[in-house]
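What follows is a short report on a single structure.
The values are calculated or read from the model by the stated rules, or taken from the named source; none is laboratory data. What you are looking at is a predicted structure, and each value in this text was computed from that prediction instead of being measured. Cβ coordinates were reconstructed from backbone atoms using ideal geometry, including for glycine residues, and neighbour counts include every protein chain displayed.
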Amino acid sequence: MKAFSMTDVGRKREINQDYVYISTGPIGNIPNLLVVADGMGGHKAGDFASKYTVEVLCEELKNSLEDGPEALIRKAVQTANHKLIEAASRDIKLEGMGTTLVVATIIEHTLYFANVGDSRLYVIGKEIRQLSRDHSLVEEMVRLGGIKAEEARNHPDKNIITRAIGGKEDVEIDFFEYRLHKGDVILMCTDGLSNMVEDAELFRIVKSRRDVVDGVEQLINRANENGGRDNIGVVLAEPFAGEVEVSV
């Protein structure tokens, strides 16, 4: 697997509250790990929340005795949630902080991932598919038929999320499995990218990239060219890069 990650403060914000992490090698019983987190809170609280959550997640995965990707990831996310709430209770400056989270691992040809909040995971092959589910007020309105999907993109309440790490003790975690195919590329990002660049443009950039580094840089540049209204966090991974094909 080849993967690259980067964050950018964007053109409107002074503090970068996005945090990304990749490991193409094992962390405990997880063979590889891709993570995106978008922090929220007062001055400095959001960047603490995203970084601390990912650090706790990685430490928990490293030492976990759980078996199987879903049990491993769920337990690690739950632990990170509890510890973030504890950290907020000890420091008034961190009160009310939280973060979105997308956590993924690839085992053989299957992608396993969890998400909380509105940061996204896409798989890009012959088309672009958003596999994660946005936990946002506007997405709930779309599901209930209150507004149309095309209205959601520019809705004034688009940034109100309904789930976050650090929000409450019994955080609800969505978990997914997806069978990958040769040539598929995984894109994970915060809303600083997905709100600024249409899916069709994400697809075009990823398909035309020279490599994962070039792809991430192009995506961030395009988000900034379109206004850069938020921090931008991006992970791009080629699950099957470097595999040797065997002729039978």
(message) Only one of 217, 201 is without any contact (Cβ under 8 Å) to a residue 40 or more places away in the chain and farther than 21 Å from residue 51 by Cα. Can you tell me which?
(response) 201
(request) Go through the residues of segment 72-87 one by one and say whether even a single one is touching a Ser or Thr at 6+ places or on another chain (Cβ under 7 Å), under 18 Å from residue 115 (Cβ atoms), part of a helix (DSSP H, G or I) and of a type in the set (S, T, N, Q). (result) no
(request) Consider residue 201 carefully, then state whether it is among the charged types (D, E, K, R) and touching a helix residue (DSSP H, G or I) at 6+ places or on another chain (Cβ under 7 Å). (result) yes
(message) Tell me whether segment 205-216 contains one or more residues that are surrounded by 14 or more Cβ atoms within 10 Å (Cβ to Cβ) and of a type in the set (Asp, Glu).
(response) yes
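Residue-by-condition table, conditions (1) over 20 Å from residue 173 (Cβ atoms); (2) at pLDDT 95 or above; (3) surrounded by 23 or more Cβ atoms within 10 Å (Cβ to Cβ); (4) among the hydrophobic types (A, V, I, L, M, F, W, C):
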position: 4; (1), (2), (3), (4): yes, yes, no, yes
position: 16; (1), (2), (3), (4): yes, yes, no, no
position: 34; (1), (2), (3), (4): no, yes, yes, yes
position: 44; (1), (2), (3), (4): yes, no, no, no
position: 50; (1), (2), (3), (4): no, yes, yes, no
position: 55; (1), (2), (3), (4): no, yes, no, no
position: 75; (1), (2), (3), (4): no, yes, no, no
(request) Give the residue that is nearest to residue 109 (Cα to Cα), with candidates limited to residues of segment 57-67 that are modelled with pLDDT of 95 or more and either in contact with a Cys (Cβ under 7 Å, 6 or more places away or on another chain) or surrounded by fewer than 16 Cβ atoms within 10 Å (Cβ to Cβ) (or both). (result) 62
(request) Considering only segment 25-69, state which residues are without any contact (Cβ under 8 Å) to a residue 60 or more places away in the chain, touching a Ser or Thr at 6+ places or on another chain (Cβ under 6 Å) and not small (Gly, Ala, Ser). (result) 60, 69
(message) What's the number of the only condition in (1) part of a helix (DSSP H, G or I); (2) acidic (Asp, Glu); (3) within 17 Å of residue 132 (Cβ to Cβ) that residue 118 fails to meet?
(response) (1)
(message) Given the criteria surrounded by fewer than 19 Cβ atoms within 10 Å (Cβ to Cβ), assigned to a loop (DSSP other than H, G, I, E, B) and either at pLDDT below 95 or in contact with a Cys (Cβ under 7 Å, 6 or more places away or on another chain) (or both), does residue 151 qualify?
(response) no
(request) Among what's in segment 181-217 and is under 22 Å from residue 116 (Cα atoms) and assigned to a loop (DSSP other than H, G, I, E, B), pick the residue that is nearest to the chain's Cα centre (by Cα). (result) 190
(message) Restricting to segment 219-248, and then to whatever is at pLDDT 90 or above and among the aliphatic types (A, V, I, L, M), can you tell me which residue is surrounded by the most Cβ atoms within 10 Å (Cβ to Cβ)?
(response) 232
(request) Filter segment 178-191 for residues that are under 12 Å from residue 123 (Cα atoms) and either surrounded by fewer than 23 Cβ atoms within 10 Å (Cβ to Cβ) or of a type in the set (D, E, K, R) (or both) and give the result. (result) 178, 179, 180, 181, 182, 183, 184
